[in-house]
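Have a look at this one.
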Amino acid sequence: MADVISVVIADDHPFVRHGLRTYLETLEDMDVAGEATNGVEAVELVERLLPDVVLMDLVMPELDGVGAIRRIQEVAPSTRVIALTSFVDDEKVFPAIKAGAAGYLLKDVRPADLADAVRKASRGEALLAPSVAARLMQEVSGERPAPAGLTERELEVLRLIARGMSNKQIAKELVVSEKTVKTHVSNILAKLHLADRTQAALYAVREGLAE
C-alpha cells in the first residue's frame with residue numbers, strides 16, 4: 001500500500017470541515033490529522049503535526065488564509081498548502097499563491113477532484129490551470145517571477161547562499177531554525193535540478209538573482 005497522506009483541514013465553518021473530513025477518511029491513502037478553525041490554530045497545528053497537505057480556507061478569523069500560508073512556509077516548508085475558496089475570482093486567491101500555496105480549489109469541488117488535488121500536492125505538483133497561471137502573471141506584472149516555482153522565502157535563501165552564507169548563518173539572518181534552512185536548501189536544489197550549494201550560487205549569479 002502507498003504511503004498515507006497526512007492532511008490538516010483549516011476552515012472556520014464546521015459544515016465545510018465535516019464534509020471534507022468525511023470524504024477524505026473514506027480513502028485508504030489519506031488520513032485527516034487534525035482540524036483548525038482559524039489561521040492561528042492552523043499554523044500551530046501544522047508546526048506540531050507537520051502534515052503533508054493543508055486544505056486552507058482563505059477567509060478566517062484571527063489570521064486569514066494568506067497570512068497562515070506565509071507562516072506555514074516558515075515553520076513547515078515541506079508542507080504543501082491548497083487554498084480553499086468559494087469563488088473562482090476570489091481576490092485572495094492570487095496573494096495565496098504568491099505566499100506559497102500550491103494552488104486552489106473551490107469549496108464545492110467534486111470529491112474525486114479533491115482527492116486528485118491532494119495527491120498531486122503531496123507529490124509537489126502545482127495545481128494551477130493555464131488560465132489561472134496567466135492571470136497570476138498579470139497580477140504580479142512588473143515583478144520578476146521566482147524561477148522554477150521557488151517561493152519568496154526560497155528565493156531569499158538562494159540569494160543568501162550566493163553570498164556564501166552557511167545554513168547556520170542563514171538561519172541567524174532569517175531568524176529561523178537551521179533545520180528549516182536545510183529544508184529550504186533541499187527544496188531549492190530539487191526545484192532547480194542542481195547538485196549542491198555551489199551550483200545554486202552560480203545559478204543565482206547567472207540569473208541575476210544575487211545581490
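The values are calculated or read from the model by the stated rules, or taken from the named source; none is laboratory data. What you see is a predicted model; the values in this text were computed from it and never measured. Methodologically, a virtual Cβ is constructed for each residue, glycine included, from the backbone with ideal geometry; neighbour enumeration extends over all protein chains shown.
Can you tell me which residue among 189, 209 is within 25 Å of residue 71 (Cβ to Cβ) and part of a loop (DSSP other than H, G, I, E, B)?
Answer to the check: 209.
To keep it simple, each residue is scored yes or no on (1) touching a residue at least 12 places away in the same chain (Cβ under 8 Å); (2) in contact with an Asp or Glu (Cβ under 7 Å, 6 or more places away or on another chain); (3) not assigned by TED's automatic domain parsing to the domain that holds residue 119; (4) not β-branched (Val, Ile, Thr).
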{"position": "20", "(1), (2), (3), (4)": "yes, no, no, yes"}
{"position": "39", "(1), (2), (3), (4)": "yes, yes, no, yes"}
{"position": "63", "(1), (2), (3), (4)": "yes, no, no, yes"}
{"position": "73", "(1), (2), (3), (4)": "yes, no, no, yes"}
{"position": "85", "(1), (2), (3), (4)": "yes, no, no, no"}
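I would also like to ask the following. When residues of region 87-96 are filtered for being in contact (Cβ under 8 Å) with a residue 24 or more places away in the chain and under 20 Å from residue 12 (Cα atoms), how many remain?
Qualifying residue count, region 87-96: 5.
Follow-up question, since we're still on this one. Please enumerate the residues belonging to region 101-124 that are part of a loop (DSSP other than H, G, I, E, B) and over 18 Å from residue 59 (Cβ atoms).
102, 110, 123, 124
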